Structure formats: structure tokens, C-alpha cells
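Undergrad: There's a structure below that I have some questions on.
The values are calculated or read from the model by the stated rules, or taken from the named source; none is laboratory data. This is a predicted model, so every value here is computed, not measured. Quick reminder, even Gly has a Cβ in these numbers, built from the backbone with ideal geometry, and neighbours come from all protein chains shown. Please note that ligands, DNA and RNA were not included when accessible areas were found on the heavy atoms of the full protein model with its side chains. Shrake-Rupley method; radii C 1.70, N 1.55, O 1.52, S 1.80 Å.
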Protein chains: 2
Amino acid sequence: MTLHQPIRHESDVYPTRFADHEQIIDRVDPVLWSTWTETAPISREQAESYDKNGYLILRDAFSADEVRALIQSSADLRGGALDGNEDVVTEPGSGEVRTVFRLVQNSPAFDRLARDSRLAGVAQFLLGDDVYVHQSRLNYKPGFTGKEFYWHSDFETWHAEDGMPRMRAVSASLLLTDNDALNGPLMLMPGSQRRYIGCQGETPENNYRSSLKKQTIGTPSQKALRELAEAHGIDTATGPAGTLIFFDCNTMHGSNGNITPFPRSNAFFVFNAVSNALREPYAAPAPRPAHLAHRGAPKAIAPVTGSLA
Amino acid sequence: MTLHQPIRHESDVYPTRFADHEQIIDRVDPVLWSTWTETAPISREQAESYDKNGYLILRDAFSADEVRALIQSSADLRGGALDGNEDVVTEPGSGEVRTVFRLVQNSPAFDRLARDSRLAGVAQFLLGDDVYVHQSRLNYKPGFTGKEFYWHSDFETWHAEDGMPRMRAVSASLLLTDNDALNGPLMLMPGSQRRYIGCQGETPENNYRSSLKKQTIGTPSQKALRELAEAHGIDTATGPAGTLIFFDCNTMHGSNGNITPFPRSNAFFVFNAVSNALREPYAAPAPRPAHLAHRGAPKAIAPVTGSLA
């Protein structure tokens, strides 16, 4: 395994993957990049809450008919509509579909969802810029055997391994199953987005092949996580199917495993500001492949309105 | 690995560990073995709730001083008071204490706790008989890396591998850390104690050596668990340190893993009715060792009252 000596870009304000230490610094970028006005797509309280906590949970953004239609689209994708497609990850034993990458390329219904003003329009507002889709996927985690996902900041990986320069990206996750505290919901540390943990541990080649299963590189120390959790607490993003969660690219998050019979599924979109397009990786030998990070010229989304049902 | 052909006792009303099938039957024993009167150690509502749900959560059974004293006793035990004792299980890497078996033999403070009328006296009432300690242990599960424990009925194992004849035992768990929905609390299926799942899979020799780490024999099928969960739902036994949980020997339970920084610790006592003393295992080649199941003549506890602080 070849280890990489990180290239320190002159302008790298978020260094990480240090050989021998961890470094915690303040974020230098805004969280909310727009000033709220009455034309904003979310309320003033919602904007302030996102700025303060680093996430926003919307439980009634979609009608019951829209949620049903999206769940049906998800079932179609998992039911074999994409057989043989290399963006589809299946379980070795059962052949069950676990992940569909490049969701917006693979599904007209989910492409339409990403471009909806309730997603792309809100992302534009939060990031104060035109946006494009950095990554998209459909996740399906079974009951009984759902594995945990350890604490991490998405930005740390996107910066180190994809070359995302600054904290001007936001994830949108639409729940396609009911999620409560017991079936391994997304856990977030409110306010953690204001601190940046440059992690200890250099990036091995092709780190993404193992990190998607179990992330070990680019995760904070137990000491740092304990301090963050004590300072900020831990909240969960729970709700019925149809719940929409926005969370900032640097909000510390993770999820426990799930032995309950109840699966978890969500459609996941990362919006990045067009002004924040990818460069060379800041701390990895080579960029991750296209299904994890869109590297072409960013094409701004024109948000659309109307029902998805 | 030698597999065992289960001995079917003539009187075995709870057969299990079948070679080729699973069998779900109704429980033939009462859950609450006493009739409630005004001299009972718990309220009528509490007795009815235990009978209906198969567990009872008491959040103010102990004073703050008592809880502090018990936490201190736990810290002393984990801090090296029992170095070299074979009842102590440590983590291979760190040497940290994970479990202290035969807790009542190893700690005067916890022996006193077991004999307290708030534990042994309540157990006597629930089981309608004198009681003795079948198993006792101090559990410490660290934060960040706490593993899940899969769904099981304790009675199924105690019957198959220890030779416990009937469902006339109850566990008492005293929380020594705060436990919320996110740090892997005990999950229980209310009402599940009324059904008995005879499991598929014969018992390997020395099954306990692996089953304490990850139970695979004596666990229900996913189909059976899904049906139980849909019929009964899933509840959690959460509360601050000092919370006392009684749960019937056949209540289906388990716990998720825990990536939060917050550890879980509890003192755990199994009370069995003296009339329900162990026989030969019902479905295993040999009984489990003494630290998992007391096999001597049952010595009835005389419950004591007074402060533990």
C-alpha cells in the first residue's frame, strides 16, 4: 500500500490527513451563504436553525401522493430496472440491491426530484450560488443486519479525496422509509459544522473502496468526538417516509447499526456551489471515481416547480 | 464440531434447537405468578404492566446516594480490585474490564444489592416463590465500539443449555450509566413473553464460548422476528443511572450497537424460583459452566431492607 504525501495547496484553508497529529480549527466559511428575505424558499426560523445547527429537517415538504410515487420509483430501481448497470451495488449473497449510484443519471424520477425547487432551490438559497449535483445515490439498508456508519464530516473526505475547495456544499436526504431512533437513523451533532477536524492518517490509494464499507481514514479521534459530543450533544434526523433532511457538508454525523426488522432507505443528493467546483485532491494520490464525485464542468441546475406525483 | 441430538425430556413443554424447523407455540406458564394484594412490593398498575408487557421499568427505586455508592463499587471492581480473578473478562487490547461474572460472589456491595427487597423481594413477588441467583454479572460496554446483541429469549438458552425447566425466572438490570435511545439501550418487544419460539439449529459443544460474543444458535428466524415486532412493537428501557429494569425470562430482547461516545454499564441479576432449579440441559451436550448458571442446590434469599449508601 503506497501512502501519499499530501500536497499542501497554497490556498488550503482546511488541511487534513496529517501523518502524526490531528488539528481542530474554526471553520472559515459561512454556513448559510444567503441573507434571508421574504422571497427565500424557507422560513426565517428554518434559515436560522440551519445556520445554528448545521441541518434542517422538513417533515411536510412532499404530499402523500408524491412520497408514494417516489417509493414506487425506488422499488422499480431495486426490482431489476438497472440490472447489469455498474452503478448498482448488490449484496454478494442475496443479490439484493443496496446502493444505486449516479441516481440522477439512472432515474428520470429522481433526476426530477433533485431539480425540484424544494431541493435544488433550497440548496441554491443555503449556498448563495447556482448549484450542481456532486454525488447522488439511492441507499437501502436492510433490517436485522444494518451496519453502523462511524462519525465523519463529509467535507473532510470531499476536500481530501475529491478536491472540493471550500465548505459550500449541502446534502439533501429524502427518507423513503419511516425512520425512528431505533432503526439506525442519521445522528448529527448540532453546531459541529463550525469546527473542522483535520484528521490524522494519510490516505491510502483507492481508499474509497474500503471507506464506503467502513471508514477508518478521515475520522476524528475518540477524544475529539467526545469533546464535540459533550459540547454539542447528539440529535437524530427521524420522521416518516417523505421527511427531507438538509445537512451542511461539515456537520459531524454517523449512524448506529440496526437489528430491528425495519429497513432504512433514502435518496441522497449532494449539491455543491458552482463556484466551488472540484480541483485536484488536497490529500490523496488520485481523485475518486465519477460515481462518487462529479468532476466535469459544473452545470447549474435550473430549479423546477410542480408536483412529482 | 460435534452436534448434539437433543434429549426430549418427557416433560419438556418448551422444545427447541430443532434440526430442521422452527416452532412457535404459546407459553404455558404464567408471567406474573402472584396475585396482587396491598402488601405487594409494587403497585397494582406495575404488576399488571409487567404481566402484560413482560417488563417493568422503575426510575426512582434508589436514592441518589445509593446510586452513587453503587457506581463507586462498580468503578472499584473495574479498577483492578479483582485482578487475576477468572470471573473477570478484559478487552484483549486495552486490558479494560468488560464483564465481571458471579458478581454476587465477587462484590459484597452487589451481593447486598441482589438481596435487597427492591430486587429479591420484587422477584419473589413476580415469581410467587422463594428465589435464588441463577446468574449475576457487571457489564461495561464502551462508547464508540459497543457491539449489537441480537434478538433472543433468555429462557430459550437457559432451558436448552442450562436445563431450566419452566418460565419462572426474571432478570433485574440496574443501569449504572445514563441510557437513552442512541447509546444502544435494551430493546424489548412488549407482550412477546407470551409466545415461545423453539429455534432451528442444534447446539454445538461449548456453544457459550461464541454465543456470549455473538449469538447465532438459539435465535429466531427473521420471519418470526418480523412477525413478533409487527404484532408487539419495540420499546426501549431507557433512563438515568439508577433505573431498575425487571424483565421476564422469555421477553424477546436485544440491543443495537453504539457509536456514541457514551458507554453503557449495568449490574445484572437473574432470579430463578427455587422450585424451578436446573436439571440436565434440554438441548445441549453439557451444561454451561458455573459462572453462567448456578447449578448447586438453590439457596433461597431472605430479602433485606435499608439503605445501600
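Undergrad: Anything in the stretch A:234-251 that is in a strand (DSSP E or B) and at the interface with chain B (Cβ under 9 Å from one of its Cβ atoms)? List them, or say none.
TA: A:Thr236
Undergrad: Which one of A:Ala302, A:Ala231 is outside any loop (DSSP other than H, G, I, E, B), of a type outside the set (Lys, Arg) and either without any contact (Cβ under 8 Å) to a residue 60 or more places away in the chain or surrounded by fewer than 23 Cβ atoms within 10 Å (Cβ to Cβ) (or both)?
TA: Of the residues listed, the single one that is outside any loop (DSSP other than H, G, I, E, B), of a type outside the set (Lys, Arg) and either without any contact (Cβ under 8 Å) to a residue 60 or more places away in the chain or surrounded by fewer than 23 Cβ atoms within 10 Å (Cβ to Cβ) (or both) is A:Ala231.
Undergrad: Ok, one more. For the stretch B:62-158, please list each of the strands (runs of 3 or more DSSP E) lying entirely inside it that holds at least 2 residues being surrounded by 18 or more Cβ atoms within 10 Å (Cβ to Cβ).
TA: B:97-101, B:131-141, B:149-152
Undergrad: Further question: Working only within the stretch B:136-152, note down all residues that are within 9 Å of chain A (Cβ to nearest Cβ) and of a type in the set (Phe, Trp, Tyr).
TA: B:Phe144, B:Phe149, B:Tyr150, B:Trp151 - these are the residues of the stretch B:136-152 that are within 9 Å of chain A (Cβ to nearest Cβ) and of a type in the set (Phe, Trp, Tyr).
Undergrad: Taking A:Cys199, is it within 30 Å of A:Ser307 (Cβ to Cβ), more than 14 Å from chain B (Cβ to nearest Cβ) and out of contact with any His (no Cβ under 7 Å at 6 or more places or on another chain)?
TA: It is false that A:Cys199 is within 30 Å of A:Ser307 (Cβ to Cβ), more than 14 Å from chain B (Cβ to nearest Cβ) and out of contact with any His (no Cβ under 7 Å at 6 or more places or on another chain).
Undergrad: Being of a type outside the set (Ser, Thr, Tyr) and surrounded by 13 or more Cβ atoms within 10 Å (Cβ to Cβ) is the filter here; which residues of the stretch B:11-29 pass it?
TA: B:Asp12, B:Val13, B:Pro15, B:Arg17, B:Phe18, B:Glu22, B:Gln23, B:Ile24, B:Arg27, B:Asp29
Undergrad: So which residues in the stretch A:208-228 are open to solvent by 10 Å² or more (accessible area, probe 1.4 Å) and either of a type in the set (Val, Ile, Thr) or more than 12 Å from every other protein chain (Cβ to nearest Cβ) (or both), if there are any at all?
TA: If the condition is that a residue be open to solvent by 10 Å² or more (accessible area, probe 1.4 Å) and either of a type in the set (Val, Ile, Thr) or more than 12 Å from every other protein chain (Cβ to nearest Cβ) (or both), then A:Tyr208, A:Arg209, A:Ser210, A:Ser211, A:Leu212, A:Lys213, A:Thr216, A:Ile217, A:Thr219 are the ones that fit.
Undergrad: I'm trying to understand the selection: among the residues of the stretch A:290-299, which are of a type in the set (A, V, I, L, M, F, W, C) and surrounded by fewer than 16 Cβ atoms within 10 Å (Cβ to Cβ)?
TA: A:Ala290, A:Ala297, listed by residue number.
Undergrad: Another question about this same structure. For the stretch A:177-191, state whether one or more residues are assigned to a strand (DSSP E or B), farther than 30 Å from A:Ser275 by Cβ, modelled with pLDDT of 95 or more and away from chain B (no Cβ under 14 Å).
TA: So far as the stretch A:177-191 goes, no, none of its residues is assigned to a strand (DSSP E or B), farther than 30 Å from A:Ser275 by Cβ, modelled with pLDDT of 95 or more and away from chain B (no Cβ under 14 Å).
Undergrad: Considering each residue of the stretch A:197-225, count those that are outside any loop (DSSP other than H, G, I, E, B) and either over 12 Å from A:Glu161 (Cβ atoms) or without any contact (Cβ under 8 Å) to a residue 60 or more places away in the chain (or both), and give that number.
TA: Residues meeting the conditions: 10.
Undergrad: Return yes or no: is A:Arg194 touching a residue at least 24 places away in the same chain (Cβ under 8 Å), away from chain B (no Cβ under 14 Å) and among the basic types (Lys, Arg)?
TA: Yes: the conditions hold for A:Arg194.
Undergrad: Residues in the stretch A:48-61 that are part of a helix (DSSP H, G or I) and surrounded by fewer than 21 Cβ atoms within 10 Å (Cβ to Cβ): how many?
TA: Summing the residues that are part of a helix (DSSP H, G or I) and surrounded by fewer than 21 Cβ atoms within 10 Å (Cβ to Cβ) in the stretch A:48-61 gives 4.
Undergrad: Does the stretch B:252-275 contain at least one residue that is touching a helix residue (DSSP H, G or I) at 6+ places or on another chain (Cβ under 8 Å), surrounded by fewer than 22 Cβ atoms within 10 Å (Cβ to Cβ), at pLDDT below 95 and within 14 Å of chain A (Cβ to nearest Cβ)?
TA: There is no residue in the stretch B:252-275 that is touching a helix residue (DSSP H, G or I) at 6+ places or on another chain (Cβ under 8 Å), surrounded by fewer than 22 Cβ atoms within 10 Å (Cβ to Cβ), at pLDDT below 95 and within 14 Å of chain A (Cβ to nearest Cβ).
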